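Since every read-out is calculated from the coordinates, none of them should be taken as a lab result. These numbers come from a predicted model, not from an experiment. Heads up, the Cβs are rebuilt from the backbone with ideal geometry, glycines too, and the neighbour counts pull from every protein chain shown.
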């Protein structure tokens, strides 16, 4: 399976590349529209702040292509990359996102931020989080969540072909790799069966 990891200067692309290679993916780190269109799936990483990330994405000229690709092929956003999938964010200054999933990104209310470290999600397995903002979206879009100091944090979201992981699966050990593998297998099923 060929995965295009979007290179826009705001992601930890090499750790993501290694994790994808470990589960048998062929990875291209790219901002070339031809390579993105030729891929089987797209991964949008992200580290940093929402406004700067959207500015960097806009400067690549890829936003219209990514918006179109998100309804044509599987699309995964990781950490800040997940937040960019949504309509807007209040981080720093109000900023419009990709709008691939309805909802917005808001600062968490927990007394101690950022939310850094291991926290359990599905099957009581732990994954690694680093963030101070979380998504506010419809329950229908939330696949799994974590609890941080009594605050619910959507950890995995999905709508159509678009999936987001708020945590870093590439830094979450065997369980993180297993979640990426589940995503890969779903992509391969989609390619084979069309559903």
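Extending each Cα 7 Å along its Cβ direction at residue 65 and residue 52, get the distance between those two points in nm, one decimal.
Result for the modelled spin labels: 2.4 nm.
Would you look at the GNM of the chain, springs on alpha carbons closer than 10 Å, and say which of 153, 63, 136 moves the most?
Largest GNM mean-square fluctuation: 63.
Looking only at 160, 103, 81, which one moves most when the chain is put into a Gaussian network model with springs between Cα atoms under 10 Å?
In the Gaussian network model the winner is 160.
Could you work out which residue, out of 172, 138, 120, moves most in a Gaussian network model of the chain, that is, has the largest mean-square fluctuation with Cα springs under 10 Å?
138
Candidates [x] 54, 39, 31; [y] 65, 39, 36; [z] 45, 36, 30; which is the computed Cα extents along the principal axes in Å?
Here the calculated entry is [z].
Just want to confirm a number: the relative contact order over the chain, from Cα pairs under 8 angstrom separated by 6+ residues, in percent.
Result for the chain is 18 percent.
Please compute the modelled spin-label separation between residue 123 and residue 191, points set 7 Å along Cα→Cβ, answer in nm with one decimal.
For residue 191 paired with residue 123, the spin-label model returns 2.4 nm.
With a ≥ b ≥ c taken as the square roots of the eigenvalues of the C-alpha gyration tensor of the stretch 7-121, please select rounded if a/c is under 1.5 and otherwise prolate if a/b is larger than b/c or oblate if it is not?
Values: a/c = 1.91, a/b = 1.30, b/c = 1.47.
Taking the square roots of the gyration eigenvalues as a ≥ b ≥ c, the stretch 7-121 is oblate.
Only residues of the stretch 100-122 count here: report those whose backbone N is under 18 Å from the spot 7 Å along Cα→Cβ of residue 139, or say none.
102-104
For residue 22 and residue 132, what does the FRET efficiency come to when R0 = 30 Å and r is the distance between their Cβ atoms, rounded to the nearest 0.05? Intermediate results must be reported in sequence, preceding the final value.
On the way: r = 29 Å, r/R0 = 0.97.
Calculated transfer efficiency: 0.55.
Roughly how many whole Å is it from the C-alpha centroid of the stretch 79-103 to that of the stretch 1-69?
16
Let's test the formula: R0 of 30 Å, r as the Cβ-Cβ distance of residue 106 and residue 15. What FRET efficiency results, to the nearest 0.05?
On the way: r = 27 Å, r/R0 = 0.90.
The pair residue 106/residue 15 has a calculated efficiency of 0.65.
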